[in-house]
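A.B. asks: Take this structure first; my questions come after.
The values are calculated or read from the model by the stated rules, or taken from the named source; none is laboratory data. Only a predicted model underlies this, so the values are computations on that prediction, with no experimental measurement involved. Using ideal geometry, Cβ is built from the backbone for each residue, glycine included, and neighbour counts are taken over all protein chains shown.
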Amino acid sequence: MVNAKVLTEGIDVPALDLIAFFRPKKSVVDVIQAVGRVMRKAKGKSYGYILVPVIVDEKEEIRNEDYKTVVQILDALRSVDETYSAVIRIKGKRLMREDTLLGITTRRETDPSELAEERLLFDLPSKVAKSLMGKVLRRFGLDNKYLENWAEDVSKSAKVLKDHIEIAIQQDPKAREEFANFLKTLKTYINEDIKPEEAISMLVQYMLTKPIFSALFGDHKDLVSQALERISSGFKNFLKDNTENLQEFYKKVEVRAKGLADEEERQDFLRHLYDNFFRKAFKDTAEQLGIAYTPVEIVDFMIRISDDLIRREFGRQEGINSEDVIVLEPFAGTGTFLARLLEYLEEDSLKDKYRNGKLWANEILLLPYYIAKVNTELTYRRRTGTAEEFKTILLTDSFAMMEKIYESKSYTGSGLLFPEEYSELLNAQKKSKINLILSNPPYFSRAESGNTRLVRGRYKLLMERVRQTF
């Protein structure tokens, strides 16, 4: 009846409760109009069903052309409802974990941000249903092009916000005083060579991307974010008025992030976010600091081989779980090494290292630091069932810390934007007897972008030590 154009646009038969697609429909409009016929409410009608028959061969595999038909229907539904991707991912993951057939229902409440009402029923053998859903799930993430397009909008908003902050610092004595304290704090705790424009860039990055991390991890308060909230609060009205074009994206990411169902998937999402967003939205920072991503498989190998070497070469029978093994991740990024290490450790060792200053991490960039901290805390909560702050990850420059170690200097920060507790944590790391470093270090020390040469800090004492030992 659909092919004959009987049940498409302009036809209203509320009693219809099933639409069957026996032949692939390439037109999104045709699919949506046909589905719309069975979505009408009617007395005694609970659901409107979509039937897509598939042929299963002797190996319990679906024919490729039938799989394409299913995907065409799902893609059409997704094109008119952003929440549908999250529905598929959340409920699909549940199907993948169960051994029986599964009917899946979600409801839309009065809040339009809630997931739309959908029902997915795979009347197929369990193996076939899981195979089909596995393929479907791979299509329903945040695609790279989507993130790249958003990065372009963020880059434009970042310039406007940066200009506004610069004007405020010049004209408003209070803003100038608070920014001076902020800059002094960064010079003290991160690197004394940080310039005012770099401090402004850090503030802009935080303000523009905070909604993304709130969507992924919820609101999170720690020493660093509290300080940044304080200094950025004066620009909130301007930010709201000049980022209307980003609000739709923030909402879409929040909806799609609801479908992140496991650790590896979240790590993959963060990798795409940084590869396709950070490099383009904040290009100079990415080029200057050499942002890179280490695949989870390589991270897991590095952890396992470190465990093996500690056992064989250093006589620790418990390997990386040994009580006296103290770990440092000096270039934490978004926390992939930290999260995977917590997954690997035995539970008693995990709690001991996490709570007692035997697992340290540093990150020089604000946004990766923020993600890594919450990422690690969520992994710990999932492993142990308890929520505890990860206090030993620090926003600092590991190379600059080495300079202080060689000079026998301590961190002091009385009266700065960060509390004295932060100085105490930095000094505690300096004194720790670290005997395992797990990391993917920066892969270059300088970069060129157009006619501008971006040079990292020189770290004189550290470089001298490298010359002496290598």
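A.B. asks: Identify the single condition in (1) modelled with pLDDT under 85; (2) basic (Lys, Arg); (3) closer than 26 Å to Asp241 by Cα that Arg138 does not satisfy, given that it satisfies every other one.
C.D. replies: Checking Arg138 against (1) modelled with pLDDT under 85; (2) basic (Lys, Arg); (3) closer than 26 Å to Asp241 by Cα, the one that fails is (3).
A.B. asks: Given the options Gly357, Gly413, name the one that is of a type outside the set (D, E, K, R) and under 26 Å from the mean Cα position of the chain (by Cα). Walk me through how you get there before you give the answer.
C.D. replies: Values: Gly413 fails: under 26 Å from the mean Cα position of the chain (by Cα).
Only one candidate passes the filter, namely Gly357.
A.B. asks: Here is a list of conditions, (1) surrounded by 14 or more Cβ atoms within 10 Å (Cβ to Cβ); (2) charged (D, E, K, R); (3) at pLDDT below 90; (4) closer than 28 Å to Arg230 by Cα, and Glu420 meets all of them except one; can you say which number that is?
C.D. replies: With (1) surrounded by 14 or more Cβ atoms within 10 Å (Cβ to Cβ); (2) charged (D, E, K, R); (3) at pLDDT below 90; (4) closer than 28 Å to Arg230 by Cα applied to Glu420, the lone miss is (1).
A.B. asks: Being hydrophobic (A, V, I, L, M, F, W, C), in a loop (DSSP other than H, G, I, E, B) and either at pLDDT 95 or above or farther than 21 Å from Leu378 by Cβ (or both) is the filter here, so list the residues in the stretch 323-338 that pass it.
C.D. replies: Listed by number, the residues that qualify are Val325, Ile326.
A.B. asks: In the set Glu343, Glu389, which member is touching a residue at least 12 places away in the same chain (Cβ under 8 Å), surrounded by fewer than 20 Cβ atoms within 10 Å (Cβ to Cβ) and assigned to a loop (DSSP other than H, G, I, E, B)?
C.D. replies: Just one listed residue meets the conditions, Glu389.
A.B. asks: Hey, can you tell me all the residues within the stretch 392-410 that are in contact (Cβ under 8 Å) with a residue 12 or more places away in the chain, exposed (fewer than 14 other Cβ atoms within 10 Å of the Cβ) and not in a helix (DSSP H, G or I)?
C.D. replies: The answer is Ser410, and nothing else.
A.B. asks: Which residues, counting only those in the stretch 198-214, are in contact (Cβ under 8 Å) with a residue 60 or more places away in the chain and under 20 Å from Glu377 (Cα atoms)?
C.D. replies: Residues satisfying the conditions are Tyr206, Thr209, Ile212, Phe213.
A.B. asks: Would you pick out the residues in the stretch 411-438 that are among the hydrophobic types (A, V, I, L, M, F, W, C), out of contact with any Lys or Arg (no Cβ under 8 Å at 6 or more places or on another chain) and not in a helix (DSSP H, G or I)?
C.D. replies: Listed by number, the residues that qualify are Phe418, Ile434, Leu436, Ile437, Leu438.
A.B. asks: Also, I was wondering about something else. Determine whether Lys236 is surrounded by fewer than 20 Cβ atoms within 10 Å (Cβ to Cβ) and either among the hydrophobic types (A, V, I, L, M, F, W, C) or in a helix (DSSP H, G or I) (or both).
C.D. replies: When the stated conditions are applied, Lys236 passes them.
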